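Remarks on the structure that follows.
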Amino acid sequence: MECRSCKGAINAVLNPKRTREQLHESSVRRRIADLLLEGENETVDIADLFKRFGSRCFKTKQLLDIKKRDSWAIDHILPSRWLYPLTKENAALLSTEANNNKRDKWPSEFYTNNELIELAKITGADLGLLSSKTPIINTDINVGKCVERYLQVRERSHLPKRINELKKILKDYNLVDKLSRRNKKLLGFTK
């Protein structure tokens, strides 16, 4: 799952290959992830990002031009798919091609051990988390606020469908235990 800034470029290539059901599932996950990460993402200072990475793609070392926006991307080192917001510590400079190759991969699936060490030094990211062999869902988010935001729907929305979508994501990401007793009851996880 890509962030909104990456979505346009990636979807232009992938959407024609996806089924209608896959497109729907992806949009549902995107909406819910956006709610989970709402208020968590930071504005990344592009000039600072280029300075920290020496104006080069971290993976390929290709020199990048800050003015040629279609040639570079901000990589969520820890993917938003696993509920990690975009922050200074979670941002790397990649060429568009390298970023497309990384897509939703966990850092240890894409970067070498030496690259992970260097990435942690440059960004201040947790090397233990970056080098984990399996993805770790970020549970350090306010799930209660997510539920409240998600349930603030337009009057004409199909509420039962939205509740089922939310419950599926909370189960898939093992976040049910992060809900308050009140929200567990509200969503039908307890009686």
Treating only Lys and Arg (+1) and Asp and Glu (-1) as charged, each at its beta carbon, one finds that the range 143-187 has a dipole about its Cα centre, in Debye to the nearest 20, of 120 debye
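Using 0.36 nm per residue, how much length does the chain from Lys121 to Phe50 gain when fully extended, once their Cα-Cα distance is taken away? If you can, show how the numbers build up before the last one.
Details: separation 71, 0.36 × 71 = 25.56 nm, distance 1.54 nm.
Computed gain between Lys121 and Phe50 is 24.0 nm.
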P(r) of the range 143-187 over all Cα-Cα pairs, 5 Å bins starting at 0, rounded to whole percent, reads 5, 22, 36, 25, 9, 3, 0
Between Asn114 and Asn174, Cβ-based FRET efficiency (R0 30 Å, step 0.05) works out to 0.40
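Could you give the dipole magnitude of the range 33-191 about its Cα centre, charging the beta-carbon of Lys and Arg +1 and that of Asp and Glu -1, in debye to the nearest 20? Numbers along the way, then the final one.
On the way: 30 positive and 22 negative charges, 155 e Å.
With Lys and Arg at +1 and Asp and Glu at -1, about 740 debye.
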The simple spin-label model distance between Arg181 and Asn164, using points 7 Å out along Cα→Cβ, in nm, is 3.0 nm
Two pseudo-spin positions, 7 Å from Cα along C-beta at Asn142 and at Lys88, lie apart in nanometres by 2.2 nm
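FYI, it's all coordinate maths here, none of it is from the lab. This structure is a prediction, so every number in the text was calculated from the model and none was measured. When we count neighbours, we look across all protein chains shown, and the Cβ atoms used for this are built from the backbone with ideal geometry, even at glycine.
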